[in-house]
Amino acid sequence: MKKHILWAVIALAAGSGLGLANAAPALATATVQPAGSRPLQGFDAVVEAVRSSVVAAQVAGAIVALEVKAGDRVAAGQVLARIDARAAEQNATATDAQVRSAQAMLDVATKDYQRQKQLFEKQYISQAALERAESQFKATQAQAAAQLAQAGAARTQSALHVLRAPFAGVVADVPVALGDMALPGKPLLTLYEPGALRVTAALPQSLLGETTQGLKVEFPSLPENLRWFAPTPVQVQRLPTVDAATHTQQLRVLLPAEYLGLAPGQFARLWLPVGGTAAASRLYVPASAVVRRAEMTGVYVVDAKGAPLLRQVRLGRAQGSNFEVLSGLSAGERVALDPQAAARAK
């Protein structure tokens, strides 16, 4: 009899130990609460150079020298390219010779006019002869001035065959090669100043009344310590006009010096708080708590006793790792973060 009782006690103890081992762990839950702040809406943006320039030709001619390539840093006034200037230089030389000839003729006319004045003072010539000498002197003087101006224009034309950097910056693109024909207005190089960059995004006109307070800029390609940037109000500029074709308004954010590693054309994302004060009272649940079965979307709501119950909900758009709850939940309710564990615990 005692032997049977002993085996019963051992079996009961084993059964109790097995029950403790299979006891379900407490479910990880999250409390449904209002967002407390306006949700952020993302808009695609692009990095732009505040100061950029397309260096174009002003004269026609073959490109005979390219002094820089894409990626080079240049100083203000540095030579970038040269266009064949042989004809322009010969024209400048010819006009310089004409200037010297006009100066010589002016010297002769000046001396002749002075002699005529002396003769008139001694009454050796008439007033009419003096006036003719004065007229000849003034005509020669005007001709010399015209030749001098023409020589200056020829030298300016010759200087246009040398392209120089308008400011210190980085060469972004060189779309031409040696021997290409340069024409007036044809772009030869593109420069930008790397120390002044901005992020530009096109916002729909429905957000014209939204404030930019709380604005954030994301750079997905940068390391974590530089990925996010929160600008000050002074660094944010909203253009006063709306594009009639796209019905969008440009929003620009000036970047500080630590973002020198960025380049014009690089992708960025602008996150803007939207929805006003009403958006701050919206409810959100973690995306991991959402259950999707066929056409049903729901979450496991955990009651006061810790029992999970599947409840259908209607969700709005995603906001980061959360979903907005349109209906089906109330503030203060708890939802299971692991729907599979909640289904096994039922």
Discussion item. Can you show me the helix-derived [θ] at 222 nm for the chain, built from DSSP H runs with n ≥ 4 at -39,500 (n - 2.57) apiece and divided by the number of residues, rounded to the nearest 500.
Written reply: -10000 deg cm²/dmol
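In the P(r) worked out for region 282-345, what percent of Cα pairs fall beyond 13 Å? Write out the running numbers ahead of the final one.
Details: 1174 of 2016 pairs.
Tail fraction, whole percent: 58.
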Item to complete: State the label only: which of [x] 0.95; [y] 1.01; [z] 1.43 corresponds to Rg/Rh (Cα atoms, Kirkwood Rh) computed from the shown model?
Response: [z]
Discussion item. Mean-square fluctuation check for the chain, GNM, Cα pairs under 10 Å: which of ARG282, ARG100, ARG238 is largest?
Written reply: ARG100
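On a full-extension model of 0.36 nm per residue, what is the gain between ARG314 and ALA177, subtracting their alpha-carbon distance, rounded to one decimal in nm? Mind showing how you got there, number by number?
Values: separation 137, 0.36 × 137 = 49.32 nm, distance 6.09 nm.
Contour length minus Cα-Cα distance gives 43.2 nm.
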Worksheet item: Build a GNM of the chain with springs between Cα atoms under 10 Å: which of GLN157, GLN127, GLN143 gets the top mean-square fluctuation?
Response: GLN127
Fill in: Euclidean distance of C-alpha centroids, region 176-254 and region 283-313, integer Å
42
Worksheet, complete the sentence: Quick calc: nm separation of the 7 Å Cα→Cβ label points for LEU260 and ALA28 -> 4.3
Fill in: Estimated FRET transfer efficiency (LYS186, VAL236; beta-carbon r; R0 35 Å; 0.05)
0.40
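Can you tell me how much longer the chain between ASP303 and TRP228 gets when fully stretched, taken as 0.36 nm per residue apart minus their C-alpha distance, in nm with one decimal?
Extra length from ASP303 to TRP228 when fully extended: 23.1 nm.
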Response to the item:
TM-like helix rule applied to the chain (DSSP H, alpha carbon span at least 15 Å on the long axis, mean Kyte-Doolittle at least 0.0) gives 2-21
Worksheet, complete the sentence: For VAL108 and SER206, extending 7 Å from Cα along the Cα-Cβ vector and measuring point to point gives, in nm, a value of 8.6
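Report the relative contact order of the chain, percent, no decimals, based on alpha-carbon pairs under 8 angstrom and at least 6 residues apart. Walk me through the numbers before you get to the answer.
Values: 624 pairs, mean separation 95.2, N = 346.
Value for the chain: 28 percent.
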Worksheet item: Once you charge only the Cβ atoms, +1 for Lys and Arg and -1 for Asp and Glu, what is the size of the charge dipole of region 148-256 about its Cα centre, to the nearest 20 debye?
Response: 280
Discussion item. If I stretch the segment between ALA75 and ARG100 completely, what's the gain in nm (0.36 nm per residue apart, minus their alpha carbon distance), one decimal?
Written reply: 5.3 nm
Fill in: Efficiency of FRET from Cβ geometry, THR156 and PHE43, R₀ 45 Å, rounded to 0.05
0.40
Discussion item. Given a 10 angstrom Cα cut-off, can you work out which residue in LYS117, LYS216, LYS186 is the most mobile in a GNM of the chain?
Written reply: LYS117
Worksheet item: Among all stretches of the chain without exposed chymotrypsin sites (Phe, Trp or Tyr not before Pro) (DSSP loop, at most 14 other Cβ atoms within 10 Å), which one is longest?
Response: 168-346
Worksheet entry | Inter-probe distance in nm under a simple model that places probes 7 Å from Cα toward Cβ, at GLN118 and GLN143 | 2.4
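Read-outs throughout are calculated quantities, based only on the coordinates presented, and are distinct from any laboratory measurement. The model shown is predicted, which means the values in this text are computed figures rather than measured ones. As a convention, Cβ positions derive from the backbone with ideal geometry for all residues, glycine included, and neighbour counts pool all protein chains shown.
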